[in-house]
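Below is one structure, written out as structure tokens, with a few remarks after it.
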Amino acid sequence: MRDDSLQYAPWIEVLSGLGEKGPACIRLWTGQALWVLDVGVGPEATSPFNPDWIEGAERVFITHDHIDHIGGAAHAVTAGLPIHCTAQTARALPPGSNVAVLPEVGRTVIDGISVTTGRNGHALGGVWLHFDLGDGLFFSGDWSEESAWFAFDPPPRAQTALIDSSYHLDDIPQAQRISALDQMLLENQGRQILFPVPPSGRAGELALHLMRYGAVSFDDSCRRAVDRALHSGSLNSMADQLAPLLDVGFDPEARFLLCDTPNADAGMAAQVVRDWHDAGRLGRQAMVLFTGHMTAHARVIAAEGGQFLRWNVHPPLSEQISMVRRLEAQRYAPLFCSQPEDYLLEPRFQAQLVLNERCLL
């Protein structure tokens, strides 16, 4: 039940994603209507979407097509809600979705409210959202400014910032991550390596880097996503080097396999793990390298025959600080990390930390 004292004042409420690496879901009261930002599931199997999160909502906005931001979209479809997202993200929506297309870069007026979008540097068709409410509300979704594959567009200023803090206080830059990966590849030259990846995320960028070390092969999901990316006109020119990989089918004998899903709990990645396990190759002639958030399922695989080396697709601490400063934000909420209260110990944020459930704009 809405507090009557807040009836006409815009506010935001983080329903899920504050204090956990869990489903992204935020309610935004515009002063006239209730909007929902992202409708995620997981990434852990124990983190479903709660249908109550969209009760009373009039619109849903989705930043990108990764499961922890889009996985609950079927509930919005069942409720008949318009779903605002880019054309690329709409490809991942369930049949029957009422799609209202947002530009990857641009400004849209919805019910009299200006909504600005920009590319988030994290996923194909992924965007951040800026709402002209109060003195500005910025919701990053997931974002990265270190990608050599995806573009990132700087957002306008906003007094309130809901930022991707998936890496918490970790401040290791991508250059250092790449050096660690290169060293690992040199130490495992005789091994075949599976990289479980989100197809619309780090698949293409990792492939570009791995090509200098050996043969790379995409599964069908990754190949389709990379092909769409190459034809999107929004990637770094170096991305064209991947074109030859798209003309051939999946080769399970290639040195580097890039396969869906990112935790190897489904798709071709899961099939490859099963095949290697049954053949007695897992942890011997072949290994699984996880480069993103690992679920319990992924950790079991890594213990048997794998390793974790992060490839940055979220902002390290310095970029989080820089974003809050560039936005000139007066308050911020660090999303998608398990201990946001730790940010009280970081003096470089010149803004108020938001930990409560509802915040006036």
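Just a few scattered comments:
- Pairs are defined by a Cβ separation below 6 Å, a sequence spacing of at least 6 or placement on different chains, a first member in the stretch 154-176 that is over 24 Å from Val115 (Cβ atoms), and a second member that is open to solvent by 50 Å² or more (accessible area, probe 1.4 Å) and of a type outside the set (Lys, Arg); the pairs so defined are Asp171/Ser318.
- Residues located in the stretch 202-218, provided they are open to solvent by less than 50 Å² (accessible area, probe 1.4 Å) and on the phi < 0 side of the Ramachandran plot: Arg202, Ala203, Gly204, Glu205, Leu206, Ala207, Leu208, His209, Leu210, Val216, Ser217, Phe218
- Whichever residue in the stretch 40-66 is surrounded by 19 or more Cβ atoms within 10 Å (Cβ to Cβ) and in contact (Cβ under 8 Å) with a residue 60 or more places away in the chain and, among such residues, is nearest to Gly118 (Cα to Cα): Thr63
- Close Cβ contacts (under 9 Å, 6 or more residues apart or on different chains) running from residues in the stretch 105-126 that are on the phi > 0 side of the Ramachandran plot and open to solvent by 10 Å² or more (accessible area, probe 1.4 Å) to residues that are of a type in the set (Gly, Ala, Ser) and in a strand (DSSP E or B) comprise Gly106/Gly118.
So that you can scan it fast, the table gives a plain yes or no per residue for (1) in contact with a Cys (Cβ under 7 Å, 6 or more places away or on another chain); (2) more than 21 Å from Ala24 (Cα to Cα); (3) open to solvent by less than 10 Å² (accessible area, probe 1.4 Å); (4) without any contact (Cβ under 8 Å) to a residue 60 or more places away in the chain:
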| residue | (1), (2), (3), (4) |
| --- | --- |
| Phe290 | no, yes, yes, no |
| His293 | no, no, no, no |
| Val300 | no, yes, no, yes |
| Pro315 | no, no, yes, no |
| Glu328 | no, yes, no, no |
| Ala333 | no, no, yes, no |
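- Selection status of Asp260, touching a residue at least 24 places away in the same chain (Cβ under 8 Å), under 21 Å from the mean Cα position of the chain (by Cα) and open to solvent by 80 Å² or more (accessible area, probe 1.4 Å): no
- Residue check, Ser221 in a helix (DSSP H, G or I), among the polar types (S, T, N, Q) and touching a residue at least 24 places away in the same chain (Cβ under 8 Å): yes
- Residue tally, condition outside any loop (DSSP other than H, G, I, E, B) and either open to solvent by 60 Å² or more (accessible area, probe 1.4 Å) or more than 26 Å from Ala239 (Cβ to Cβ) (or both), over the stretch 152-201: 10
- Pairing residues of the stretch 70-91 that are modelled with pLDDT of 95 or more with residues that are of a type in the set (Lys, Arg), at Cβ distances under 7 Å and at least 6 apart in sequence or on separate chains, gives Leu81/Arg59; Pro82/Arg59; His84/Arg59.
- Hits in the stretch 17-39 (condition: under 14 Å from His293 (Cβ atoms), open to solvent by less than 10 Å² (accessible area, probe 1.4 Å) and touching a residue at least 60 places away in the same chain (Cβ under 8 Å)): Gly17, Gly22, Ala24
Rundown of residues vs (1) over 22 Å from Gln307 (Cα atoms); (2) out of contact with any helix residue (DSSP H, G or I) (no Cβ under 7 Å at 6 or more places or on another chain); (3) charged (D, E, K, R); (4) loosely packed, with under 15 Cβ neighbours inside 10 Å, yes/no style:
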{"residue": "Arg224", "(1), (2), (3), (4)": "yes, yes, yes, no"}
{"residue": "Ala239", "(1), (2), (3), (4)": "yes, no, no, no"}
{"residue": "Leu242", "(1), (2), (3), (4)": "yes, no, no, no"}
{"residue": "Ala266", "(1), (2), (3), (4)": "no, yes, no, yes"}
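- Meets criteria (part of a strand (DSSP E or B), open to solvent by 10 Å² or more (accessible area, probe 1.4 Å) and touching an Asp or Glu at 6+ places or on another chain (Cβ under 9 Å)) for Val14: yes
The values are calculated or read from the model by the stated rules, or taken from the named source; none is laboratory data. None of these values were measured; they are calculated from a predicted model. Reconstructed Cβ throughout: ideal geometry from the backbone, glycine too, with neighbour counts over all protein chains shown. To get the accessible areas, we keep the full protein, side chains included, count just its heavy atoms, and leave off ligands, DNA and RNA. Shrake-Rupley method; radii C 1.70, N 1.55, O 1.52, S 1.80 Å.
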